[in-house]
1. Within the range 198-218, track down each residue that is farther than 30 Å from residue 323 by Cβ and either loosely packed, with under 15 Cβ neighbours inside 10 Å or in contact (Cβ under 8 Å) with a residue 60 or more places away in the chain (or both).
2. Only one of (1) among the β-branched types (Val, Ile, Thr); (2) in contact with a helix residue (DSSP H, G or I) (Cβ under 6 Å, 6 or more places away or on another chain); (3) not in a helix (DSSP H, G or I) is not met by residue 179, so which one is it?
3. Just to be sure before I move on: is residue 203 under 18 Å from the mean Cα position of the chain (by Cα) and outside the structural domain of residue 7 (by TED's automatic domain parsing) in the structure I sent?
4. Output the number of residues of the range 222-236 satisfying the condition of being farther than 24 Å from residue 267 by Cβ, touching a residue at least 40 places away in the same chain (Cβ under 8 Å) and in a helix (DSSP H, G or I).
5. Condition first: surrounded by 17 or more Cβ atoms within 10 Å (Cβ to Cβ), in the same structural domain as residue 206 (by TED's automatic domain parsing), over 17 Å from the mean Cα position of the chain (by Cα) and under 24 Å from residue 108 (Cβ atoms). Can you find one or more residues in the range 338-348 that meet it?
6. Show the residue pairs that are 6+ apart or on different chains and have beta-carbon atoms under 6 Å apart, the first residue being within the range 34-59 and in the same structural domain as residue 110 (by TED's automatic domain parsing), the second being of a type in the set (Ser, Thr, Tyr) and not in a loop (DSSP other than H, G, I, E, B).
7. Take residues that are in contact with a helix residue (DSSP H, G or I) (Cβ under 9 Å, 6 or more places away or on another chain) and among the small types (Gly, Ala, Ser) and tell me which of the strands (runs of 3 or more DSSP E) falling wholly in the range 258-349 contain 1 or more.
8. Give the residue, chosen from 96, 90, 109, that is in the same structural domain as residue 45 (by TED's automatic domain parsing), among the aliphatic types (A, V, I, L, M) and surrounded by fewer than 22 Cβ atoms within 10 Å (Cβ to Cβ).
Amino acid sequence: MLVDNNEAKILQTPNLSNLFKSATLNDINENCKILNSGFYLDSFNYFPITKNNETFANLFKREDDNSIHHFYTQDFYKNFIDKKDNFKVIKDSLVIGSSPSDNYFSNLIHFLPRIFFINEKKIHLTIHRNLSNKLRKFIETICVLRGIEISFNYLDDNFYSFNNCSIPEFFNIKKSIKILKYFLENILINIKVPEFKPKIYIRREDASYRKILNEADLISKLRKLEFEIINPQHYEILEQMKIFSNAEIVMSPHGSNMSNIIFCKKGTKIIEIAPELNNLHEKNISKRYNDIADSLNLKYQIIKADSVDVVNHSELSTKYINAKILKNSNYYKNMILKVSDIERNFNNL
């Protein structure tokens, strides 16, 4: 069976502590432990297993992820031992990782902050093949600004064997936001975007679920209230962050584009349009933007919408989300806003 080690055990055991190096951001007093050895890793959980079958759940479990318990089952261990010698080998790389479903929230909050603890000036970065070109370009831009020359290695949905490689720990959401805001707010000062109105509505028209089906009625109302209508797909990542940082009111259907509220200034009003959810796990996921808003002193409110079945989900959705969940969960359906709700909630904007 795999053995798990907490930070105290790492510090007390030379053979374990020697597997790690540490990086520090002195200006914000934040540290990062980096596993620097040979290890096995899958491209979904990014949960490293050393060559001696040891793990470090307190360092490599994402804050909102409950899926690593299966690593400690007898079935997993037997399957892992049988197959590990046939895993594809990757050498001399740093695993930044990225969401296999290219989820922007996960890429921004879980994976991206690791970049800022890279001290080398030339490095191979390992990411998932599904990461969008826009986010690859964003990573390249950040590394260029930090004087780092990079090339990419790409993962598919599989287990891999990493030799002489490194992987930084995952951070909690509060620490991730602190790191991102420190670096990117200085960069955003120099980013030029068109002049936008202080009220913005973020469309979700390119998504495969949680779109607002009667959005034309909503947009008509919002334009009369002097809202700017924005499709984030038309802007580079740094431009999106800049747009949010200049806003006074942000309205959006629930979705990962709302991750950019971490760049909003204190007191910005955040209005989230979301479905009614019953599953506890989905409720916990859906409240993430409320939690972020509270932690950053943003003014948050939510407008509930009715749910409507999606006829055809995207290939990525059907690949990574259980078919029963896709069918039954409101989280993966589209939405309709009642006209009365539009009038009642928006008259004071």
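The values are calculated or read from the model by the stated rules, or taken from the named source; none is laboratory data. Note that the coordinates shown come from a computational prediction; the quantities given were computed from them, not determined experimentally. Neighbour counts are summed over all protein chains in view; Cβ atoms, including those assigned to glycine, are modelled from backbone coordinates with ideal geometry.
1. 198, 199, 216, 217, 218
2. Just one mismatch for residue 179, condition (3).
3. Judged against the criteria, residue 203 is not a match.
4. Residues meeting the conditions: 0.
5. no
6. Correct list of pairs: 34/166; 36/166; 39/50; 40/161; 41/160; 49/40; 49/55.
7. Ranges flagged: 269-275, 299-308.
8. Working: 96 fails: surrounded by fewer than 22 Cβ atoms within 10 Å (Cβ to Cβ); 109 fails: surrounded by fewer than 22 Cβ atoms within 10 Å (Cβ to Cβ).
Going through 96, 90, 109 in turn, the sole match is 90.
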